[in-house]
Amino acid sequence: MQEKLGENTFFIYKKDMEFLLAAIELLCNYGVNSKIREVYTEEFLEQQKEKYPLLFELFGNIDKNYGVELFEFLLDYELTEFTMESYFQHIKSLSKEVILSRFLQLPMDVIEKIMSSESERISFYQKNRTCFQSYFVVEALFLKTEWVFESLESFVSELRTDGAECFLEGYVREIETWRKKIQEALTKEEPLAYSERLMGKTFHNRGPFQVFYFMPAVFMPIKCCRWFEEHQILIFDAIRFGQQDNRMIADALKMLSDKTRYQILVLLKEKKSMNGIEIAEQMKLAPSTVSHHMTHLKNSGLVHEEPAGNTKYYSINIHCMKNCIETLEKTFL
């Protein structure tokens, strides 16, 4: 299902993409979208772990945020013609250096340096142990890149089951509702402004973008994510988007109880978008201390993180903040 909603705006839903989204959740275990586990039982998952043990070990030992980086390759792919086979063919047509640069979000010269010797890979691993829990992961990514993506493609194909197809058919109405909702919203505001409202954040990178793609999904492992270069791609959970999550609200309230984190949030409210160094300077804190706080704030859902090269910019998650306030009002007032 796809429709051109404006001169530079598309609504797209591709069922094939659902199986890659499900694979990301099953491999990385975000633990947010319970519907995926309704479709793929524990028995089915155990069978897949026996069939693809190294793939599960690899993704189980990297920062789970790398999972959604598998969609970075959409940025130079003809999205309106998406099929799973052609998408993986596109990825495999790229050089190893380009694949790793996109997936790991590192400059090409850094990738080439890491690839040059084992000592460089060891050094990279030692500096990034928060992202890679095992040196095996680094070796596999850099020395067996083709094998990683071939195994991933094979695993994704296993998820295209009759049961999953039938389950997705049950959400056709919700997808169509989103098409109408987005179409109506874009008659009143520009695609960038609507994207910000949809995500509940202030963007650091504001384009200009040549084309905007809005893509609902049932198996989205997180609630919403955005990719951009010349174009902007926004994929969001068509079912849970906007719903309150009591666990996330409890985590958010815990974050708000910390004086320093509360002050960081007040600062972000005033400045809209800031990087870690800017926050450290304003708060008179060590960058490492700020990094620690921002990790907790991001994991609680209170802030969004937006990469720009090697820098990360943070902004308040307006949806999460509103949910906290509304929940407290309903519960205690």
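Where a Cα-Cα gap under 13 Å defines reach, which aspartates and glutamates qualify for K322, not counting those fewer than 8 residues away within the same chain?
D245
Can you give the FRET efficiency for I325 and Q263, using 1/(1 + (r/R0)^6), R0 = 22 Å, r = Cβ-Cβ distance, to the nearest 0.05?
The value I calculate is 0.75.
Just need the Rg to Rh number for the stretch 196-333, please, alpha carbons only, Kirkwood Rh. Please report the intermediate quantities before stating the final value.
Numbers: Rg = 15.5 Å, Rh = 15.9 Å.
My calculation puts Rg/Rh at 0.98.
Run through the DSSP bridge list for the chain and note the antiparallel percent, rounded to the nearest 5.
65
With θ set to phi - 60° and the Karplus curve 6.51 cos²θ - 1.76 cosθ + 1.60, what are the ³J(HN,Hα) couplings of the stretch 50-62 in order, to the nearest whole Hz, using x for Gly and Pro?
5, 7, 10, x, 6, 5, 5, 5, 4, 6, x, 10, 10
Sort E169, E7 from largest to smallest accessible area, using a 1.4 Å probe on the heavy atoms of the protein chains.
Descending accessible area places them as E7, E169.
Considering all alpha-carbon pairs of the chain, what whole percent are spaced by more than 32 angstrom? If you can, show how the numbers build up before the last one.
Details: 17812 of 55278 pairs.
The share of Cα pairs beyond 32 Å in the chain comes to 32 percent.
Under a 1.4 angstrom probe, counting protein chains only, how are R160, R197, R102 ranked by accessible area, largest first? Don't skip to the answer; put the middle values down first.
Working: R160 80, R197 130, R102 35 Å².
My answer, sorted largest first, is R197, R160, R102.
Suppose a student asked you for the relative contact order of the stretch 260-333, using Cα pairs under 8 Å spaced at least 6 residues apart; what percent would you report? Kindly include the intermediate steps, with their values, before the conclusion.
Working: 62 pairs, mean separation 22.3, N = 74.
Normalised by residue count, the contact order of the stretch 260-333 is 30 percent.
Which order do the peptides 119-130, 16-27 come out in when sorted by mean C-beta neighbours inside 10 angstrom, highest first?
16-27, 119-130
Please list, ordered by chain and number, the residues whose modelled amide H lies under 5 Å from the amide H of N275; skip anything fewer than 5 residues away on the same chain.
Distant-sequence amide H within range of N275: Y314.
Once every DSSP H run of n ≥ 4 in the chain is given -39500 (n - 2.57) and the sum is divided by its residues, what mean residue ellipticity at 222 nm do you get, rounded to the nearest 500 deg cm²/dmol?
Per the formula, -17000 deg cm²/dmol.
For the stretch 215-318, which GluC sites (Glu not before Pro) are both in a DSSP coil and crowded by at most 14 other Cβ atoms within 10 Å?
E229, E230
Which whole-number value in Å² is the accessible area per residue of the chain, probe 1.4 Å?
49
If you roll a 1.4 Å probe over the chain with all protein chains in place, what percent of the accessible area is carbon or sulfur?
Roughly 50 percent, rounded to a whole number.
Taking the Cα centre of the chain as origin and charging only Cβ (+1 Lys, Arg; -1 Asp, Glu), how large is the dipole, in debye to the nearest 20? Numbers along the way, then the final one.
Details: 40 positive and 50 negative charges, 295 e Å.
I would put it at about 1420 debye.
Once phi is turned into θ = phi - 60°, what whole-Hz ³J(HN,Hα) does the Karplus curve with 6.51, -1.76 and 1.60 give for every residue of the stretch 167-180, x standing for Gly and Pro?
The phi angles translate into 4, 5, 4, x, 10, 4, 5, 5, 5, 5, 4, 5, 4, 5 Hz.
Pull up the DSSP beta bridges for the stretch 159-265 and report the antiparallel fraction as a percent, rounded to 5.
45
Say the dipole of the chain comes from +1 at the beta carbon of Lys and Arg and -1 at that of Asp and Glu; which of L79, F56, L234 then lies farthest toward its positive end?
The listed residue farthest towards the positive side: L234.
Ignoring everything but the protein chains, give the 1.4 Å probe accessible area of T331 in square angstrom, nearest 10.
Estimated to the nearest 10 Å², T331 gives 90 Å².
Over the stretch 184-333, what is the percentage of antiparallel beta bridges among all DSSP beta bridges, to the nearest 5?
Just about 70 percent of them are antiparallel.
Over the Cα atoms of the stretch 1-145, what Rg and Dmax result, in angstrom?
When restricted to the Cα atoms of the stretch 1-145, Rg and Dmax are 17.1, 52 Å.
If you take the charge dipole of the stretch 1-152 about its Cα centre, with +1 on Lys and Arg Cβ and -1 on Asp and Glu Cβ, which of N8, L152, P107 is farthest toward its positive end?
Ranked along the dipole, the leading option is P107.
Among all the lysines, which ones have a C-alpha under 22 Å from K180's C-alpha, if same-chain residues fewer than 8 places away are not counted?
The reachable lysines, counting only those whose Cα sits under 22 Å from K180, are K4, K14, K15, K188, K223.
The values are calculated or read from the model by the stated rules, or taken from the named source; none is laboratory data. Quick caveat: nothing in here was measured; it's all calculated off a predicted structure. Cβ atoms come from the backbone with ideal geometry, glycine included; neighbour counts cover every protein chain shown. Calculation scope for accessible area: heavy atoms of the full protein, side chains included, ligands and nucleic acids excluded. Shrake-Rupley method; radii C 1.70, N 1.55, O 1.52, S 1.80 Å.
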